[in-house]
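Peer 1: Okay, handing you the structure first.
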Amino acid sequence: MEPRTGVIVVAAGSGSRMGGALPKQFRLLGGRPLLARSIDAFAKALPGAPIVVVLPAGYVAYWHNLTARFDMAPHTVTTGGTERFHSVRNGLAALPQGLDLIAVHDGARPLVPVALIRRAVALAAAEGSAVPVIRPADSFRTTEADGSSHPVDRSRLRAVQTPQVFDATLLERAYRSDFSASFTDDATLVESCGCSVALCAGERRNFKITEPEDLLLAEALLAAETETGEAETPRERHEAGYRGTAGTASDDFAGGAGPIR
Ligand code: C5P
């Protein structure tokens with residue numbers, strides 16, 4: 001039987017790094033509000049799953065206006081808090097009872113592939129958690145207060161994405177904790193309660209729209225796909241057995257639907 005999965009899309013941040021008068025989650029991307037694209041992906045991946053969207057308190061009326069103007073998948077709305085942690089907690093309170101799994105997604109990742117959502121849910125159903133990660137392309141250094149810096153072994157690093165999917169009881173228990181500034185994502189919080197988390201393969205295109213360049217990049221990706229009629233991602237082409245141009249296969253594909261390291 002399919003697990004009953006609830007979805008929380010957090011979009012209550014101020015988006016200050018993006019600049020501009022309107023928070024980024026409401027900006028248009030390929031002619032649709034950026035946040036609507038995140039909702040679309042979950043409605044397509046998990047038909048019938050309850051979706052709660054967490055908004056800044058001052059933008060609820062604005063969002064209702066947008067939902068009237070654009071065709072959007074059904075969802076409910078609640079308001080966020082000072083930190084992402086408080087926004088997720090409000091989202092949890094707004095979901096129905098009796099769910100098996102809960103997926104938490106950053107509304108600022110509008111290009112999340114449907115296949116990634118399904119892969120994370122399948123892994124969480126088997127392992128109790130699923131946290132998508134990708135191998136970083138850059139090199140990294142840690143910096144010290146005295147101005148010195150040290151290289152880091154990149155081969156062991158992973159960049160963490162969303163949706164992060166958890167057993168519902170586990171996530172609800174974790175969110176009874178008091179807030180700590182170290183809780184930058186849901187996995188960190190769940191681990192602070194003594195549970196380990198399973199990693200699954202993320203996707204490069206599932207990047208978080210943070211700076212103005214990110215929005216341009218997302219526009220370009222959508223435009224290229226519309227032009228070629230290709231909606232599927234490099235991973236989907238790879239899984240379908242395609243072995244064409246560079247960029248279709250990478251280490252990130254190791255592990256299939258199971259956990260990765
Ligand atoms: O700030 P950061 O980029 O880490 O935010 C990740 C996601 O969490 C964004 O989608 C943002 O809107 C959301 N968020 C939230 N409530 C906050 C802060 C961030 O819902 N107080």
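Any read-out appearing in this document is the output of simple, stated calculations on the displayed coordinates, not a laboratory observation. All values derive from a computational prediction rather than experimental measurement. Glycine gets a Cβ as well: all are built from the backbone with ideal geometry, and neighbour counts include every protein chain shown.
Peer 1: With the Cα gyration tensor of segment 182-224 giving a ≥ b ≥ c as the square roots of its eigenvalues, does the rule (a/c under 1.5 for rounded; else a/b larger than b/c for prolate; else oblate) give rounded, prolate or oblate?
Peer 2: Oblate, because a/c is 1.5 or more while a/b does not exceed b/c.
Peer 1: Answer rounded, prolate or oblate for segment 77-147, using the Cα gyration tensor with square roots of eigenvalues a ≥ b ≥ c: rounded when a/c is under 1.5, else prolate when a/b is larger than b/c, else oblate.
Peer 2: Because a/c hits 1.5 or more and a/b fails to exceed b/c, segment 77-147 counts as oblate.
Peer 1: Then there is this: Grab the DSSP H runs of the chain that are 4 residues or longer, score each as -39,500 (n - 2.57), total them, divide by all residues and round the 222 nm result to the nearest 500 deg cm²/dmol.
Peer 2: Estimated from H runs of four or more residues: -9500 deg cm²/dmol.
Peer 1: Considering only the other residues whose Cβ falls under 15 Å of the Cβ of residue 151, what net charge follows from Lys and Arg at +1 and Asp and Glu at -1?
Peer 2: Residues close to residue 151 contribute a combined charge of 0.
Peer 1: Given the options 122, 145, 45, state which has the largest fluctuation in a GNM of the chain using a 10 Å cut-off (strictly under) for Cα springs.
Peer 2: 145
Peer 1: Now for a different question. Please report the net charge: other residues with Cβ closer than 14 Å to the Cβ of residue 178, K and R +1, D and E -1.
Peer 2: +2
Peer 1: Connecting C-alpha atoms closer than 10 Å in a GNM of the chain, tell me which of 93, 49, 130 has the biggest fluctuation.
Peer 2: Highest fluctuation of the listed residues: 93.
Peer 1: Which chymotrypsin sites (Phe, Trp or Tyr not before Pro) does segment 25-128 hold that lie in a coil by DSSP with at most 16 other beta carbons within 10 Å?
Peer 2: The qualifying sites are 70.
Peer 1: Where is the GNM fluctuation largest for the chain (alpha-carbon springs, 10 angstrom cutoff): 52, 190, 88?
Peer 2: Most flexible of the set in this elastic network: 190.
Peer 1: Which whole-number percentage describes the relative contact order of the chain, with Cα contacts under 8 Å and a sequence gap of 6 or more?
Peer 2: Taking the mean separation of contacting Cα pairs over the length of the chain, I get 21 percent.
Peer 1: Given the chain, report the % of alpha carbon pairs whose separation exceeds 25 Å.
Peer 2: Of all Cα-Cα pairs in the chain, 45 percent lie more than 25 Å apart.
Peer 1: With a cut-off of at most 14 other beta carbons within 10 Å, and DSSP calling the residue loop, which GluC sites (Glu not before Pro) in segment 202-231 qualify? Please list them.
Peer 2: Filter output for segment 202-231: 230.
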